[in-house]
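The values are calculated or read from the model by the stated rules, or taken from the named source; none is laboratory data. Treat the numbers as computed from the prediction; the structure is a model and nothing was measured. In this analysis, Cβ positions are derived from the backbone assuming ideal geometry, glycine residues included, and neighbour counts consider all displayed protein chains. Heavy atoms of the whole protein, side chains included, go into the accessibility calculation; ligands, DNA and RNA do not. Shrake-Rupley method; radii C 1.70, N 1.55, O 1.52, S 1.80 Å.
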Amino acid sequence: MSNATLIKTATLPKTKPLTDAEKAEMTREILRLKEEKKAVILAHNYQIPEIQDLADFVGDSLGLSQQAAKTDSKLIIFCGVHFMAETAVIIAPEKRVLIPDPNAGCSLAATITGDQLRQWKSEHPGAVVVSYVNTTAEVKAETDYCCTSTNAVQIVNAIPEDQEILFLPDMFLGAYVQRVTSRKAPIHIWSGECHVHAGIGIANINKMRDEHPEAELLVHPECGCSTACMYHKATGKLKGEVHILSTEGMIRRARTSPAREFIVATETGILHRLKKEAPGKTFIPANANAVCQYMKMITLEKLLRTMREDVFEVRVPDEIARKARLSIERMLAIV
Ligand code: 13P
Ligand code: SF4
């Protein structure tokens, strides 16, 4: 499916909102079925509050896959987008992984296919491929090192300085890594972007900083503003605390920082968890319209259907999973 088609099909559900009583009843039934089936429910930090609140674990993309591998449960219900559920299958091949909506895609992962990567590699023979975790299993299988927003710099720094690198798919994370590592050999960057994070620009940051001059700034590296934020921070134009972090990194920072107020540059679903984990602190979205329609495709109704009917299983062919796992294991050997 093309990126444009993905975005168009991922419109927010138009169904009548559930009443609180209906939500409570559905939650009870989901939890009852979870016990009966000895399942574990994993939810990404951008999921709707009701899903986060009933999940066994809430976290970032890689953290959730690691939870999938760790748990004794043989049945994983993955409330997140499809590439994340695939990553769980790759890391925990002996478990069954179900996703409540198989159409919950990712505009960033959709920017590069296995064929496109094979073509790119053929244009740069000998280059090492570093792929951000927001990629399909097929792309991971063509990758040397997987990386996450937390460890991208560390992974690139572990590769010899004179080694050419293909970095994909996020151009903002790529530019950030390029600037921080300033290597001898070129880093070629795929020009992919997440439509949600690309919409968080430096103008949003400047406006919020003017309105909340005391607030600490937390920025996800996929944001359109991440390179400018780093640059302005280095040149002293952006004053105060500025942190470029994964979603889980933001949660940790909010808990431990002495600041009382934070501007949060990422998808707004994270605000629910931030408020829960750091009560009494204030969190201001850098752009209140930064909402990922794919993440919001996972609803209580769909989760209940998954629990009742055992749908939809996420599968990755063995050979692809084996190769993709290697790219993740190489990453884990470094971090
Ligand atoms: P994290 O791994 O930081 O949670 O990011 C995943 C993602 O999709 C960001 O949009
Ligand atoms: Fe993908 Fe962007 Fe949604 Fe994250 S926020 S899942 S990168 S579309």
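In segment 162-242, a dipole from Cβ-located charges (positive for Lys and Arg, negative for Asp and Glu) runs towards its positive end, and of His195, Ala228, Pro169 it is Ala228 whose Cα lies farthest in that direction.
For the chain, what is the calculated [θ] at 222 nm in deg cm²/dmol (nearest 500), taking -39500 (n - 2.57) for each run of four or more DSSP H residues and dividing by its residue count?
-13000 deg cm²/dmol
Charging the Cβ of each Asp and Glu at -1 and of each Lys and Arg at +1, and nothing else, the dipole of segment 145-224 about its Cα centre rounds to 160 debye. Other residues with beta-carbon under 11 Å from the beta-carbon of Glu50 carry, at +1 per Lys or Arg and -1 per Asp or Glu, a net charge of -3.
Just add up the charged neighbours of Lys140: K/R +1, D/E -1, any other residue whose Cβ is under 12 Å from the Cβ of Lys140. Could the numbers behind the result be given before it?
Values: positive: Arg322, Lys323, Arg325, Arg330; negative: Glu86, Glu138, Glu142, Asp144, Glu329.
Result for the local shell: -1.
For the chain, what % of the accessible area comes from carbon and sulfur atoms, probe 1.4 Å? Write down the numbers at each step before the final one.
Values: 7690 of 14550 Å².
Carbon plus sulfur share of accessible area: 53 percent.
For the cross-link pairs Lys95/Lys323; Lys34/Lys95; Lys207/Lys275; Lys37/Lys275; Lys37/Lys70; Lys70/Lys276, the ones whose C-alpha atoms lie over 20 Å apart are Lys207/Lys275; Lys37/Lys275; Lys70/Lys276.
Note on Lys184: lysines with a C-alpha under 28 Å away, same-chain residues under 8 apart excluded, are Lys121, Lys140, Lys233, Lys237.
Only lysines eight or more places from Lys16 in sequence, or on another chain, were considered; those with a Cα closer than 19 Å are Lys296, Lys302.
Averaged over its residues, the chain has an accessible area of 43 Å² per residue, based on protein heavy atoms and a 1.4 Å probe.
Peptides 157-163, 296-302, ordered by how many other C-beta atoms sit within 10 Å of their residues on average, highest first, read 296-302, 157-163. Taking square-rooted eigenvalues a ≥ b ≥ c of the alpha carbon gyration tensor, is segment 229-272 rounded, prolate or oblate, where a/c under 1.5 means rounded and, failing that, a/b exceeding b/c means prolate? Since a/c reaches 1.5 and a/b is larger than b/c, the shape of segment 229-272 is classed as prolate. Counting Lys and Arg as +1 and Asp and Glu as -1 over every other residue whose Cβ lies under 11 Å from the Cβ of Glu222, the net charge comes to -3.
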